[in-house]
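Engineer: First the structure, which I've put down as structure tokens, then a few questions once you've had a look.
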Amino acid sequence: MKAHVYVTLKTTVLDPQGKTIQGALKKMNYKGVEDVRQGKYFLLTLEPNLEKDKVKAEVERIAREVLTNPVIEEFAYKLED
Amino acid sequence: MATQSLQTPPLPCRATPELLKTHGITPEEYERIVQALGREPSLTELGIYSVMWSEHCSYKSSKVHLKRLPTRSERVVQGPGENAGIIDIGDGWACAFKIESHNHPSYIEPFQGAATGVGGILRDIFTMGARPLAVMDSLRFGRIVDRRKPPAAADRGQATERAEVQAQSSSYSPARKLRGLEAKKLIHKNHSILEGVVSGIASYGNCFGVPNLGGETKFEECYFGNPLVNAFALGLVRKDEIFYAKASGTGNPVIYVGAKTGRDGIHGATMASEEFREGSEQKRPNVQVGDPFLEKLLLEACLEAMQTGAVVGIQDMGAAGLTCSTCEMGARGGVGIEIELDHVPQREIGMTAYEIMLSESQERMLLVAESGREHEVFRVFEKWGLDAVTIGRVINEPRMRVLEHGNIVADIPNTSLTDDAPVYRRPMQPWTVPVPKDKPANAPLGANPDLTGVLKRLLASQNICSKRWIHEQYDSMVQTNTVQGPGGDGGVMRIKDTLRGLAMSLDGNGRWCYLNPKLGAMHAVAEAARKVVCAGGVPVAATNCLNFGNPEKPHIMWQFSEVIDGLAEACTALGTPITGGNVSLYNETLGEGIYPTPVVGVVGIVESIERTATPHFRSPGREAILLSAALAPYDDRQLGSSEYAKEIVGSLWGEPPALDLKSEAALQKCVLELIEKGLIESAHDCSDGGLAVAIAESCFRHEIGAELHLPEGSEPLEIALFGEQASRVLVCCVPGDRQLIQQIAAKHTIQAEFLGRTGGDRLVIRRGPSDAVSVYIADIKNVWAQALECALHSDVPERVVPETLDK
Amino acid sequence: MKFGVLVFPGSNCDHDAYHVIAAAAKQPVTFLWHASHDLENCDAIIVPGGFAYGDYLRTGAIAKFAPIMQEVSRFAAGGGLVLGICNGFQILCEAGLLPGALMRNAGLKYICKPVKLRVESTDTPFTSACTEGEVLEIPIGHMEGNYFCDADTLAELNRENLRGDGWGARAQIAYGPCGRASGNPCAEPERRVCALRAGDGICQQGRFGHGSQ
């Protein structure tokens, strides 16, 4: 089983990298991009035959306690068999 | 592990012409391999020969010439041939230093290319037991300013005229043929190479924790497809604690430490070979990726392991990775090494023997430990969380023997890979540079009413403007030893617990070497040494990085040979033997080569860090004095090689400035005496942009103006202000000391011309009664300080899709 | 007064801090290894600069889990002096010993240069030798020095610690200890950590080690 975890800055926090990318896209004449937020992506490969509920809880714990800094970041994740 | 000499030799490869070609092995070289082995090589063996006999590792084209360089002095502890050169700097201390190129990788992937360049040179230093004290870089890129666009401060009419002159001139980069969008794309590409290289250097060095003292950054069209990234590093080691890359003691364990081996850096061409079926569908990255955090751990672990006394010899796995370290350590010690690849820590699955031996994965070392004391080494690496695995042992026979699953896959006499590698005496052909000897008729001198405007344009030009944007991204202060960081003539580091310091500087001038390779190379040494002197260091040794085009072209080989002669002469005259360095050939794209570009790093000893100098005027009311060696008059032919000719006239002609090494040595001695006696407050080498630029640069740091008179003369004012006459240093002193300074200068047969006083918020330069330059310091400082940033941020082209730019 | 300098894998200013305490301040000092649980009876702890664990996840994110940090937290809770410099400051924020977090610099580049900082408070152990309003020139060197905290925390910091120009002031640089005196509503343990901050949305942690030059 794999867990895909996406970490981004909270929407209330300024994202200078995202802003820079957006600015560059605009200068390069790419159309229709309203905003860019950038972040990190983690792919966790989990041991086989784990209970899905337990995996969920553990992945959330890892994401909350290690992969993000709750002051500035938030996360989303999905599990895949 | 038992020696398996009775085993059958490895399966021979099918040496088709294509296979040899992809390995860069000529049919004659193949014959040599067969002779050395007494049989046909296996594919792994062919790969091993191919990397060890490559230009990069064997120096086969340059070796015969490099022998002419001076490499010895009382201070030299270790000359060329080791991981780095070492000199004795007194008080029981020695310093290891070297410069190395990472040009090609930095073009392919600027960030990682430059980062791994820094990583490689740092390993060369700490492999010798030295803790890295400072790094510097010499960088060269294609132009980053659209020539058709006038610089911010310049007059539009002039700029247009300049562009026309340039179009007719003999600049030989493909860039000049491009127009409009093409030219914009090219500039954008140069911007991204520059930004990538700088952030790569910053990212690696900052994380590793070594201060970067700057270096030099130059721009010429010819570096567009061949940026030069030459990284210099220097480290300190107790003289009795130096380690060498030499194996000894039959039966001693050979230990692999550091990062795991992946497929990084294996040449793509080799994938075509038939042996690669398993896993060949996987993408094999050619770009090495650096891990500065791991390198920092490796540094601490290696230095700590060396302290145990259990380490016999150690070598970095750099270019040609495991292959190079295995055969070179054996060869240096007159012994052999046998390794079993099954024990090599691997990052990827299914790697072949060929791949493991040729991988250029970063942050790895090979060390030989004393038999029975391995555990002391393991304990240290375990503490730092690093892999350390015994992969083989030292054997009696002078061979490199490689086993995989117990079967021999390579069994090669060491010296056939190292000392007995092919050496070529390539044909040379003297060459006349295809530029006019004389100044173009449409560039009159002596009639320009706006020399202040010219000064502004020069200060804003790519080669002269402040490189603050670059060096502010580098940590220049970590380790708390930095006495003089980036932005001066030379960097100065103190040696803790002593009064002493080390001064260092990098210099090169490809344009001058293009016009006259020998004279240009002499200038590179003279200027690097002069910059060290201006910082207060006595130059004692040098390292060089020789960047050239294709050595199979006779005129390139001639340039190379001339440059070696120039370096040899200047290093001998100035007392700076070459203790090592690196040669980078084949810097060509589509048949267009770079300027011959030797880059010289000079290291000097500062006897007391209380007695150093900076280029900056420190107070008003001081007297500015120009120290200069007596030389033949600087004429308008020599002006053709200047930044003035390049930026203002937009053309290249003539020859580099004259240089007299004896006078240069006298000037350097004179400046050192003045600094040592505490008579001068600032010292600044007059180089790019001439005296006017040197004066302006001295004013900037503390925003102190000056009112100065040029020496009387009949030469056009452009030459007096912007001519780049060699062997000149601008100094400043308190008024009472002028006479003493003039006496000391006279003793050294150096002219000391009083120019005027510092003070005020304006820079005024006069000759006779009239002002040649008159401007507020704040105005020109701003132009100078902002130019690079402005150039980089001004022009993102309307539409550039990155992929289309990649070659 | 005995100082302890933490050493994480990737710390690169540990020797700097050690040197300054030993050579400039002439006080006893020892290194404290990250995997240890023993503060060796130190009276003050320095969390030095560098790139602990490469800063690969986030600056300070892994270092905060090091065994020694549990002891540092306990020590701080008991009123012990802890100074975080550069990466050390980032680690203290991650560990929750200081409010807020550090983000990538607005210019997205590493910045190394001297900056001017103004002493805002002198009633802390770290600034007691300064005078209020005194301007110090202190080198900075970091990629993640862009201080962020939520509005409430910001208000508290301003109210508690700062006079004159507040956090929002541009190009104005202040130097203030945060998590300071008793009754601090940030629920911060007392008098532990000294933070340097700069305006323009960038918060710096000075590296006082360089000041010795």
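Taken together, the values in this text are just the output of simple stated rules run on the coordinates, not laboratory data. Everything numeric here is computed off the predicted structure, so don't read it as measured data. Backbone-built Cβ (ideal geometry, glycine too); neighbour counts: all protein chains shown.
Engineer: Please list C:27-40, B:700-713, B:587-600, C:134-147 highest first by mean number of surrounding beta-carbon atoms within 10 Å per residue.
Structural biologist: B:587-600, C:134-147, B:700-713, C:27-40
Engineer: Convert each backbone phi in region B:88-101 into a coupling constant with the Karplus relation 6.51 cos²θ - 1.76 cosθ + 1.60 (shift: θ = phi - 60°), then list the ³J(HN,Hα) values in order as whole Hz, x for Gly and Pro.
Structural biologist: Once rounded to whole Hz, the list reads 7, 10, x, 6, x, 9, 10, 10, 9, 8, 6, 10, 9, 8.
Engineer: Which whole number gives the average count of other chain Cβ atoms within 10 Å of the Cβ atoms across peptide C:54-61?
Structural biologist: The mean count of partner-chain Cβ atoms within 10 Å per residue comes to 4.
Engineer: Output the 0 to 90 degree angle, nearest 10, between the alpha-carbon long axis of helix B:738-747 and the longest principal axis computed from the alpha carbons of chain B.
Structural biologist: Between the helix axis and the principal axis of chain B, the angle is about 60 degrees.
Engineer: For region B:293-339 and region C:105-152, compute the distance between their C-alpha centroids and round to whole Å.
Structural biologist: Going from one Cα centre to the other spans 43 Å.
Engineer: Next question, about the same structure. To the nearest Å, what is the center-to-center distance of region B:385-421 and region B:181-196, using C-alpha atoms only?
Structural biologist: Measuring centre to centre over Cα atoms gives 45 Å.
Engineer: Mind checking the mean number of beta-carbon atoms from other chains within 10 Å of the Cβ atoms in C:95-105? Don't skip to the answer; put the middle values down first.
Structural biologist: Numbers: counts 0, 2, 0, 0, 1, 3, 6, 3, 10, 5, 1.
So the per-residue partner count for this stretch is 3.
Engineer: Ignore the peptide's own chain and count Cβ atoms of other chains within 10 Å of each Cβ in C:144-150; give me the average, rounded.
Structural biologist: 3
Engineer: Also: Short version: ³J(HN,Hα) in whole Hz for each residue of region B:620-633, in order, from phi by Karplus 6.51 cos²θ - 1.76 cosθ + 1.60 (θ = phi - 60°), x for Gly and Pro, what are they?
Structural biologist: For region B:620-633, the Karplus curve yields x, x, 8, 9, 9, 10, 9, 8, 8, 8, 6, 9, 4, x Hz.
Engineer: Highest first, please rank the peptides C:103-115, B:95-107, B:658-670 by the mean number of other Cβ atoms sitting within 10 Å of their residues.
Structural biologist: Sorting C:103-115, B:95-107, B:658-670 by mean packing, highest first, produces B:95-107, B:658-670, C:103-115.
Engineer: Can you tell me the 0 to 90 degree angle between the C-alpha axis of helix B:27-37 and the longest principal axis of chain B, rounded to 10?
Structural biologist: 50
Engineer: Count the lysine pairs in region A:2-80 whose Cα atoms sit under 12 Å apart, keeping only pairs 8 or more residues apart in sequence or on different chains. Could the numbers behind the result be given before it?
Structural biologist: On the way: A:2/A:52; A:2/A:56; A:2/A:78; A:52/A:78; A:56/A:78.
Here the count comes out as 5.
Engineer: For chain B, what does the relative contact order come out to in percent, with C-alpha contacts under 8 Å and a separation of six or more?
Structural biologist: Values: 1939 pairs, mean separation 124.3, N = 807.
After rounding, I find 15 percent.
Engineer: If you don't mind, another one. Evaluate the relative contact order of region B:364-506 (contact order divided by residue number), counting alpha-carbon pairs under 8 angstrom at least 6 apart; express in whole percent. Mind showing how you got there, number by number?
Structural biologist: Values: 79 pairs, mean separation 10.8, N = 143.
Result for region B:364-506 is 8 percent.
Engineer: Here's a follow-up. Restricting the count to DSSP beta bridges whose residues both fall in chain B, what percent are antiparallel, rounded to a multiple of 5?
Structural biologist: Here the share of antiparallel DSSP bridges comes out near 80 percent.
Engineer: Now a separate question. Would you please put B:511-522, B:250-261, B:358-369, B:59-70 in order of how densely packed they are, using the mean number of other Cβ atoms within 10 angstrom per residue and starting with the highest?
Structural biologist: B:358-369, B:511-522, B:250-261, B:59-70
Engineer: Pairs of alpha-carbon atoms within less than 8 angstrom and 6+ residues apart define the contacts here; what relative contact order does region A:2-80 have, in percent?
Structural biologist: 54 percent.
Engineer: Using only Cα atoms and rounding to the nearest 10 degrees, what angle (0 to 90) does helix B:156-168 make with the longest principal axis of chain B?
Structural biologist: With both axes taken from Cα atoms, the answer is about 50 degrees.
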